1. Taking the criterion of being surrounded by 11 or more Cβ atoms within 10 Å (Cβ to Cβ), of a type in the set (A, V, I, L, M, F, W, C) and assigned to a helix (DSSP H, G or I), would at least one residue in segment 57-67 satisfy it?
2. Quick one: count up the residues across segment 40-56 that are more than 21 Å from Ala93 (Cα to Cα) and either touching a strand residue (DSSP E or B) at 6+ places or on another chain (Cβ under 8 Å) or open to solvent by 50 Å² or more (accessible area, probe 1.4 Å) (or both).
3. Can you tell me which residue is surrounded by the most Cβ atoms within 10 Å (Cβ to Cβ) among those in segment 86-101 that are among the hydrophobic types (A, V, I, L, M, F, W, C) and in contact (Cβ under 8 Å) with a residue 60 or more places away in the chain?
4. Taking the conditions exactly as written (surrounded by 10 or more Cβ atoms within 10 Å (Cβ to Cβ), touching a residue at least 12 places away in the same chain (Cβ under 8 Å), assigned to a helix (DSSP H, G or I) and acidic (Asp, Glu)), does Asp80 satisfy them or not?
5. Looking at segment 1-14, which of its residues are assigned to a helix (DSSP H, G or I) and either among the polar types (S, T, N, Q) or surrounded by 15 or more Cβ atoms within 10 Å (Cβ to Cβ) (or both)?
6. Out of all the residues in segment 46-71, which are without any contact (Cβ under 8 Å) to a residue 12 or more places away in the chain, more than 11 Å from the chain's Cα centre (by Cα) and under 21 Å from Thr23 (Cβ atoms)?
7. Within segment 76-106, track down each residue that is charged (D, E, K, R) and over 20 Å from Ala4 (Cβ atoms).
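The values are calculated or read from the model by the stated rules, or taken from the named source; none is laboratory data. Quick caveat, the model's predicted, so the values are computed rather than measured. Neighbour counts run over all protein chains shown; Cβ positions are idealised from the backbone, glycine included. Each accessible area value is taken on the protein alone, full model and side chains, heavy atoms only, with ligands, DNA and RNA left out. Shrake-Rupley method; radii C 1.70, N 1.55, O 1.52, S 1.80 Å.
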Amino acid sequence: AVGAYWEELKRIQWLLVLLYGGTFFFANYGPNTTTFLLPSITYSPSCRSSLNGISAASGKAGALLGATLFEPLADDLGDDRVMIICAGVSVLALILTWVCVAPEKT
């Protein structure tokens, strides 16, 4: 919603701050929690610590890439398009997680 309505939201700053803050809250609330929970149920005990480290390093590399590319892309494409690209990357991550992580059997 932020990317699609960027120009309108720039004029209603309180709503932009509310939506943008909500985006960061939920982006950090879910992924930061699952960063520690998913490896404990996904990887076998014999390789859990190594693969957890590789997963954490991959996440940090992705964060570095995103933070490094955000400003140059925003300058070239505009803030609204970069927000839409971020939303698309998030949807791809959701699909990848859904496909690669088997549901836990209870």
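1. no
2. 6
3. For segment 86-101, the residue satisfying everything is Cys86.
4. When the stated conditions are applied, Asp80 passes them.
5. Trp6, Leu9, Gln13
6. Listed by number, the residues that qualify are Lys60, Leu64, Leu65, Ala67, Thr68, Leu69, Glu71.
7. Selection gives Glu104, Lys105.
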